[in-house]
Amino acid sequence: MTEAAFWDRLALKYSRKPIDNVPAYEATLDRTRTFLHADDHILEMGCGTGGTAILLAPSVAHVTATDISEKMVEIARAKKQPGNVSFQQAAALSPVPDAPFDAICAFNLLHLLPDLPKALAHLKASVKPGGFVITKTPCLGEMNMFLPIAIGAMRLVGRAPYVNSFTINALEQAFRETGFTLVETAHFLDQKNSRFIVAKHR
């Protein structure tokens, strides 16, 4: 099963699932907004069913939001939304016509990509010099050592997507090696294994 097919199959259930930790989610959005400006054109990669893009839209001039799943994008487009949001079906590392952007957001995405250095190089190429890449990423290398094995077994029967495993230190070092300056790294509330990173294209 392809990654797109996996997320297409999950889209409706995903759209109905409540946010696991609302205070942490709201804290993530609040910190993100502090790095955005009213005239920014931003990209959200891995936008899912569009909720985050819609909430960030009032803070910027335009949001281009992409996701690998056409079903996710269809659900996003059906939502009541501001006029400055556009949704597109596209794989995470596909070129986006509007690039480079003033800022790029990628929440809960980097661990789903098989080649972290390649993903970060793509982000750097897609954001303007001086612009920000804002991410929040679960780091499985900080969790139970058997979790990646369990996820791998579930993937074999089509019940889990590909998931990459790395530590917080490895993730932050990968950003630095790609040529980013880390402006902020944090976790919110009890989400100690999920790293919020604001990286600047220097």
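Things worth noting here:
- Inside region 34-49, residues that are over 17 Å from His201 (Cβ atoms) and exposed (fewer than 15 other Cβ atoms within 10 Å of the Cβ) make up a count of 3.
- Matching residues in region 52-83 - criterion: being open to solvent by 30 Å² or more (accessible area, probe 1.4 Å) and not aliphatic (A, V, I, L, M): Pro58, Ser59, His62, Glu70, Lys71, Glu74, Arg77, Lys79, Lys80, Gln81, Pro82, Gly83
- Residue in region 152-173 that is touching a Lys or Arg at 6+ places or on another chain (Cβ under 7 Å), modelled with pLDDT of 95 or more and crowded, with 19+ Cβ neighbours inside 10 Å present: yes
- Condition met for Ala27 (open to solvent by 40 Å² or more (accessible area, probe 1.4 Å), over 15 Å from Ala106 (Cβ atoms), at pLDDT 95 or above and small (Gly, Ala, Ser)): no
- Filtered residues of region 180-202 (kept if loosely packed, with under 13 Cβ neighbours inside 10 Å and either modelled with pLDDT of 95 or more or among the hydroxyl-bearing types (Ser, Thr, Tyr) (or both)): Thr181
- Listed by first and then second residue, the pairs with beta-carbon distance under 6 Å, at least 6 apart or on different chains, first residue in region 33-56 and part of a strand (DSSP E or B), second small (Gly, Ala, Ser) and at pLDDT 95 or above, are His41/Ala61; Ile42/Ala103; Glu44/Ala53; Glu44/Ala65; Met45/Ala106.
- Considering region 97-146, the residues that are closer than 15 Å to Ser165 by Cα and free of Cβ contacts under 8 Å to residues at least 12 places away in the same chain include one that is surrounded by the most Cβ atoms within 10 Å (Cβ to Cβ), namely Asp115.
- Residue match in region 157-168 (condition: touching a residue at least 60 places away in the same chain (Cβ under 8 Å) and closer than 20 Å to Val198 by Cβ): no
- Tally, over region 77-92, of residues that are in contact with a strand residue (DSSP E or B) (Cβ under 9 Å, 6 or more places away or on another chain) and in a loop (DSSP other than H, G, I, E, B): 6
- Enumeration of residues in region 21-40 that are hydrophobic (A, V, I, L, M, F, W, C), in contact with a strand residue (DSSP E or B) (Cβ under 7 Å, 6 or more places away or on another chain) and more than 12 Å from Ser59 (Cα to Cα): none
- Note on region 57-76: residues that are outside any helix (DSSP H, G or I), small (Gly, Ala, Ser) and within 16 Å of the chain's Cα centre (by Cα) total 2.
The values are calculated or read from the model by the stated rules, or taken from the named source; none is laboratory data. The structure displayed is predicted, hence computed values, not measured ones. Cβ atoms come from the backbone with ideal geometry, glycine included; neighbour counts cover every protein chain shown. Note: accessible area is taken over every heavy atom of the protein model, side chains too, but ligands, DNA and RNA are not part of it. Shrake-Rupley method; radii C 1.70, N 1.55, O 1.52, S 1.80 Å.
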